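Structure, as structure tokens:
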Amino acid sequence: MTKDPATREGWMSLLARAPAARLAALVETLGPLPEHDWLRRPETGGVMVRGRMGGTGGAFNLGEMTVTRCALKLADGTVGHAYVQGRDAAHATRAALTDALLQTGRAAEVQGAVIGPLAREAAARRSARAEKAAATKVEFFTMVRGEDA
């Protein structure tokens, strides 16, 4: 299930999963980014990833994952947050700036220039992965012998 990229939950998810280089290229098209103050400078740490067998079984610790988080505030007081996988402070900063801009009067511009292309590319990746998986599907059937129909 994918989240609607027009909602904050949706765009935060999209920004966190976006390839860092692609996000950098799209954010660059916005022109000069606004000045900001750090509420929390980018910092790297670990989080425990939990899983469930079959999606309904008891939860278990799958392992740790490295994440980078940050929080910033624009001059107008808008706050942007980001959590991204890995140790990429620049990716986290761009994601937080984009989050903040999406809460301002520039939201439509940022949706069109950054979020729209990222959402289309993510959908294309999902579709390609689904097609690849569908190509490996095996159909099984059983023939009934010796019974009257």
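Tabulated data for the structure shown
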item: Condition met for THR136 (surrounded by 15 or more Cβ atoms within 10 Å (Cβ to Cβ) and without any contact (Cβ under 8 Å) to a residue 40 or more places away in the chain); result: no
item: Those residues of the range 100-141 which are touching a Ser or Thr at 6+ places or on another chain (Cβ under 9 Å) and either under 14 Å from PRO19 (Cβ atoms) or part of a helix (DSSP H, G or I) (or both), in sequence order; result: ALA100, LEU101, VAL110, ALA113, VAL114, ILE115, ALA119, ALA122, ALA123, ARG126
item: The range 40-50, subset surrounded by 10 or more Cβ atoms within 10 Å (Cβ to Cβ) and in contact with a Gly (Cβ under 9 Å, 6 or more places away or on another chain), residue modelled with the lowest pLDDT; result: VAL49
item: Candidate set: the range 57-74, residues that are out of contact with any helix residue (DSSP H, G or I) (no Cβ under 7 Å at 6 or more places or on another chain) and open to solvent by less than 30 Å² (accessible area, probe 1.4 Å); chosen: the one nearest to THR104 (Cα to Cα); result: VAL67
item: Any hit, the range 35-55, residues being farther than 21 Å from ARG125 by Cβ and in contact with a helix residue (DSSP H, G or I) (Cβ under 6 Å, 6 or more places away or on another chain); result: yes
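Yes/no matrix, rows are residues, columns are (1) of a type outside the set (Phe, Trp, Tyr); (2) in contact (Cβ under 8 Å) with a residue 24 or more places away in the chain; (3) outside any loop (DSSP other than H, G, I, E, B):
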site: ASP4; (1), (2), (3): yes, no, no
site: TRP11; (1), (2), (3): no, yes, yes
site: LEU26; (1), (2), (3): yes, yes, yes
site: LEU33; (1), (2), (3): yes, yes, no
site: ASP37; (1), (2), (3): yes, yes, yes
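The values are calculated or read from the model by the stated rules, or taken from the named source; none is laboratory data. From a predicted model like this one, the values you see are computed outputs, not experimental measurements. Quick reminder, even Gly has a Cβ in these numbers, built from the backbone with ideal geometry, and neighbours come from all protein chains shown. When the accessible area is computed, the model is the full protein with side chains, heavy atoms only, and any ligands, DNA or RNA have been set aside. Shrake-Rupley method; radii C 1.70, N 1.55, O 1.52, S 1.80 Å.
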